[in-house]
Amino acid sequence: MADRAKVTSLEAIEDFRARLIVYREKSNRILDAVSDDVTRTRIWLQGDRIEFWRNEIRRRGRELEQRQQELFSAQLSGMRDSSFMQQAAVRKCREAIREAETHLDCVKQWERGYDQRVEAPARQVEKLRHIIGKDLGGAVAYLAEAIKILAAYAEQSPTGTIPPLPPVPEKETTPGGES
């Protein structure tokens, strides 16, 4: 690596630093939205959807009872055409209950498998959040210090020596060797 840097524009470094700050803020907002979506989906599955389909099964069960009563009344009155229509309505209600039970079972399966399917990607989101927060935060601070040093150097005479740039922050490693 060269002992001297050829910096032709402090404005370019300042512009890059400003864009890095904007990128960091946008990334944090997006990662917050992803985390919120994961939480909202879990709550939706565990609470809202299960309760919705249980209520649908009960409502459709009441509808079936009503249609069965109408069928029974039609059979007692001996009306053949009415009886046929009532039988079709009873079949339709039974099918609606089976459909609601299928949906409830499906939601329960999603709920059971949600943590397994979402846990690993959610951990990756949190790792990315850490990288953006720590590493990009360090990069922004490093660039601010570099800009300050380079601006001070630019104000010196052209024959002066170049002050050393601050050391690049090293990544901390975790026990698993991950950074």
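The values are calculated or read from the model by the stated rules, or taken from the named source; none is laboratory data. Model, not experiment: these values are computed from the prediction. Note that we place each Cβ from the backbone using ideal geometry, even for glycine, and neighbour counts take in every protein chain shown.
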**Residue identified as closer than 29 Å to Val38 by Cα and at pLDDT below 70 among Gly137, Gly177** = Gly177
**Fill in**
Among helices (runs of 4 or more DSSP H) entirely within the stretch 40-157, at least 2 residues that are among the basic types (Lys, Arg) and within 32 Å of the chain's Cα centre (by Cα) occur in 80-130
**Message:** Considering only residues that are exposed (fewer than 15 other Cβ atoms within 10 Å of the Cβ), touching a helix residue (DSSP H, G or I) at 6+ places or on another chain (Cβ under 9 Å) and over 27 Å from Leu104 (Cα atoms), which ones fall in the stretch 38-78?
**Reply:** Phe72, Ser73, Gln75, Ser77
**Asked** Just one of the numbered conditions (1) under 26 Å from Lys127 (Cβ atoms); (2) touching a residue at least 60 places away in the same chain (Cβ under 8 Å); (3) aliphatic (A, V, I, L, M) is not true of Ile43; which one?
**Response** (2)
**Prompt:** Could you list, in sequence order, the residues of the stretch 126-148 that are farther than 14 Å from Leu20 by Cα and either exposed (fewer than 14 other Cβ atoms within 10 Å of the Cβ) or out of contact with any Leu (no Cβ under 7 Å at 6 or more places or on another chain) (or both)?
**Reply:** Glu126, Lys127, His130, Glu145, Lys148
**the stretch 116-131 residues that are farther than 17 Å from Thr41 by Cβ and hydrophobic (A, V, I, L, M, F, W, C), paired with ones that are at pLDDT 90 or above and surrounded by 10 or more Cβ atoms within 10 Å (Cβ to Cβ) (beta carbon under 9 Å, 6 or more apart)** = Leu128/Ser27; Leu128/Leu31
